[in-house]
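Following: one structure in structure tokens, then a few remarks.
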Amino acid sequence: QIFNQHNAEAPSLEQAFRRMAPMEPNPDHDLSWFLLPSYWAKMVVALISFLCFANSYDGDFVFDDSEAIINNKDLRAETPLGDLWYHDFWGSKLSSNTSHKSYRPLTVLTFRINYLFAGGFYPIGFHVINIILHCTISVLMVDVFSILLGGLQFSNKGRRLNLAPKSSLLAALLFAVHPVHTECVAGIVGRADLLCALFFLLSFLGYCKAFRENKEGHTFSVFWVLVSVVLGAIAMLCKEQGITILGLNAMFDALVINKINLLKLIQKLLYKDKALENAGLLRKGLLFRITLLMCGGASILYIRWRIMGTGPPAFTEVDNPASFADSLFVRAINYNYYYSLNAWLLLCPWWLCFDWSMGCIPLIKSVSDWRIIALAALWFCLIGLICQALCSEDSRKRRILTLGLGFLIIPFLPASNLFFRVGFVVAERVIYLPSIGYCILFTYGFSLLSKQAKKKKILAVAVLGILLINVMRCALRSSQWRSEEQLFRSALSVCPLNAKVHYNVGKNLADKGNQSAAIKYYREAVRLNPKYVHAMNNLGNILKERNELHEAEELLSLAVQIQPDFAAAWMNLGIVQNSLRRFEEAEQSYWTAIKHRKKYPDCYYNLGRLYADLNRHIDALNAWRNATVLKPEHSLAWNNMIILLDNTGNLAQAEAVGREALELIPNDHSLMFSLANVLGKSQKYKESEALFLKAIKANPNAASYHGNLAVLYHRWGNLDLAKKHYEVSLKLDPMAPGTKENYNLLRRKLEQLQKKGG
């Protein structure tokens, strides 16, 4: 549906478009920069944005990728697609008390498609898509910046004119090479921000299309307005910030299409001037379009609220300490300090960190803290820009500064703590969209300097130098995101007071088997944050494995005291108590863990081991059976059931359990080995032999496999093969218990047979 606009007292949109060119000077007139045809400009931007992050294409899954991708059941084919609409970004039910309420089903859907096409968790495909998305967004920025910096005007043939080719190229390059974007591009979970930005920009460009010239003259199209609303909804389903594009579209309509002077409008509203129509506010088209945007936004938020429920996300004090401060003054001061840090990251993206929580940024608790200067500097700059945006006589300056501030501030609002508590202090990923506003303001500032500068080439070289430094910084930072070791260690110099940084470095070292170094970092994490229960739990685990049981018990006891519902710590405490032979306490700890986590197969497994040590065989079997019901692929629980039944003489039951286990886990060589032992005792030699050989094929260096197969041949009377496998077993493990004795018995028997034969 197309609406023509006619208003006797206000200029029509057609007149507005016609006036745009003569009223304002060419924004590129004084800009000392390269002038390229649109096609070549986009090619250059695409190439440079690709070069910045190309070295991240073969990186690993790092940091949050493990939770959002590897451990997220929503990516697997067995999870119904419909579940994506009722789960959060991490795969938890939105109705759960532990859900972060991050509702991004379309982003998770793209992860699922990646997983299905790759046939598993192979990170290269995930990284390539992220790089392509950033390149696409950077190319779209050329068109977006040409509109924001040069205005919206169409040719007689209905094609949009680029009135700021040099400015739009510079701004797009600044965006493409900004190092703060590395987390979004090189970190796979940053795809949420990339997809959100893509549909955010498409929504804006779609809204601009609503004013394209057609046969009936300059009109607006309801269809394209509605398309922009739908694209805004899609952006929000990728990440929450996407909804803000509807507000920015309304602001663009008022400032660029209707050329409303905000200061005069405010004055007229304050003085209740009846001539509001002359200010452009009451134009039928503007009000109608804003009403469509508001209704669309309200509908989107209502649907989201219905799906998510009313419960707030569950965050802890370490995630965002300022939001837990009792004093309103402390909260306000620290929120503003966080804003200044975000602004600094845009201006000087040199100190970048994967996580800014847990003591990285200590709270400001009094006005005597020198960091108050940062707040003053931020608001001095913002107030100066706002005054210029409102009061300047230059309409072009007013428009560009207002749009720049709008794109800087409005997309940041969902992360500002103003409307709801967020789960971070500073997060580089949330600056992806606000950086659009920064690029507008930087480019406009550069054009003003070029106008005043006598040596414009020196200024251009300086900007080229900034771009080159940013490209190098992007390449360096994206290389740090290639592996967890590099990523975590890079944060030690940026946030040495961040307990989570030390924890992650320690965890990475522990995963690689370097327990001594891991202990050092875990201890530092606990020192920096004495309530860091996850660091206590991991440190306790390592100490348990090193048989330092008493210190491990102290740490784990403290962890469950601080967080009584910490199921993993309760289970590990039970393991330590079991090792200390305090069986009743261990049993109580296991049951407490299960109380707090109903579906806890590993805890049932350890509980079964405790019961087996106490010769409570029925209880042990029941516990292991519970473990396999909750986790059918729990190989250790199946194995222990088979071995216990075998040792207690229940061979038929052991055989039945072994066959059941192998049906569920057909390629598990340890299960083949256990069942082969049972079959051998039941004199089912042929079937036992087949399973032993299959197990040995899967794991040829297991001495016990060869040794037990030799015992089978020994019983079976196949003495030559028995001798062969005894020798292989002893070669692999000369100290294998019982094997040497059996081998000596076999040799004596063979010697006796030779004497008889002789």
The correct count of residues that are open to solvent by less than 20 Å² (accessible area, probe 1.4 Å) and farther than 17 Å from G190 by Cβ in region 237-246 is 3
Checked region 703-758 for anything polar (S, T, N, Q) and either over 21 Å from L679 (Cβ atoms) or under 58 Å from the mean Cα position of the chain (by Cα) (or both); matches are S704, N708, S729, T739, N742, N744, Q752, Q754
When region 277-332 is checked residue by residue, the ones that are within 29 Å of S228 (Cα to Cα), among the charged types (D, E, K, R) and modelled with pLDDT of 80 or more are R289, R304, R306
Within region 150-167, residues open to solvent by 30 Å² or more (accessible area, probe 1.4 Å) and at pLDDT 85 or above come out as P165, K166
- Yes or no: R715 surrounded by 11 or more Cβ atoms within 10 Å (Cβ to Cβ) and out of contact with any Lys or Arg (no Cβ under 8 Å at 6 or more places or on another chain)? yes
Quick check on region 191-208. Is at least one of its residues free of Cβ contacts under 8 Å to residues at least 60 places away in the same chain, in a helix (DSSP H, G or I) and over 25 Å from A427 (Cα atoms)?
yes
With the first residue restricted to region 176-188 and required to be touching a residue at least 60 places away in the same chain (Cβ under 8 Å) and open to solvent by less than 10 Å² (accessible area, probe 1.4 Å), and the second required to be part of a helix (DSSP H, G or I) and of a type in the set (S, T, Y), Cβ contacts under 6 Å at 6 or more apart or on different chains are A176/S49; A176/S138; H178/S435; T182/S478; A186/S56; A186/S478
Flagged pairs (Cβ under 8 angstrom, 6 or more apart or on separate chains; first in region 444-464, under 21 Å from A172 (Cα atoms); second small (G, A, S) and in a loop (DSSP other than H, G, I, E, B)) are S450/S32; K456/S32; K457/S32; L459/S32; L459/A453; A460/S32
When region 454-478 is checked residue by residue, the ones that are in contact with a Ser or Thr (Cβ under 8 Å, 6 or more places away or on another chain) and surrounded by fewer than 17 Cβ atoms within 10 Å (Cβ to Cβ) are K456, K457
Filter region 383-393 for residues that are open to solvent by less than 60 Å² (accessible area, probe 1.4 Å) and either without any contact (Cβ under 8 Å) to a residue 12 or more places away in the chain or polar (S, T, N, Q) (or both); the one that is farthest from A343 (Cα to Cα) is S392
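Per-residue answers, yes or no, for (1) part of a helix (DSSP H, G or I); (2) open to solvent by 20 Å² or more (accessible area, probe 1.4 Å); (3) more than 16 Å from N71 (Cβ to Cβ); (4) not acidic (D, E):
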position: S96; (1), (2), (3), (4): no, yes, no, yes
position: Y115; (1), (2), (3), (4): yes, yes, no, yes
position: I131; (1), (2), (3), (4): yes, no, yes, yes
position: T136; (1), (2), (3), (4): yes, yes, yes, yes
position: M141; (1), (2), (3), (4): yes, no, yes, yes
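Matching residues to (1) open to solvent by less than 20 Å² (accessible area, probe 1.4 Å); (2) more than 32 Å from the chain's Cα centre (by Cα):
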| position | (1), (2) |
| --- | --- |
| P564 | no, no |
| L573 | yes, no |
| L580 | no, yes |
| Y590 | yes, yes |
| A593 | yes, no |
| K599 | no, no |
| I642 | yes, yes |
| L645 | yes, yes |
Considering region 53-92, residues that are acidic (D, E) and within 18 Å of the chain's Cα centre (by Cα), and then whichever is most open to solvent (accessible area, probe 1.4 Å), we arrive at E67
Apart from one, (1) surrounded by fewer than 16 Cβ atoms within 10 Å (Cβ to Cβ); (2) within 14 Å of F354 (Cα to Cα) all hold for A499; the odd one out is (1)
Across region 252-270, the tally of residues that are open to solvent by less than 40 Å² (accessible area, probe 1.4 Å), in contact (Cβ under 8 Å) with a residue 40 or more places away in the chain and not acidic (D, E) stands at 6
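The values are calculated or read from the model by the stated rules, or taken from the named source; none is laboratory data. Remember, it's a predicted structure, so these values are computed and weren't measured experimentally. Because the Cβ atoms are built from the backbone with ideal geometry, glycine has one as well, and the counts that use them run over all protein chains shown. Ligands, DNA and RNA are stripped out before the accessible areas are found, and what is left, the full protein with its side chains, is counted by its heavy atoms. Shrake-Rupley method; radii C 1.70, N 1.55, O 1.52, S 1.80 Å.
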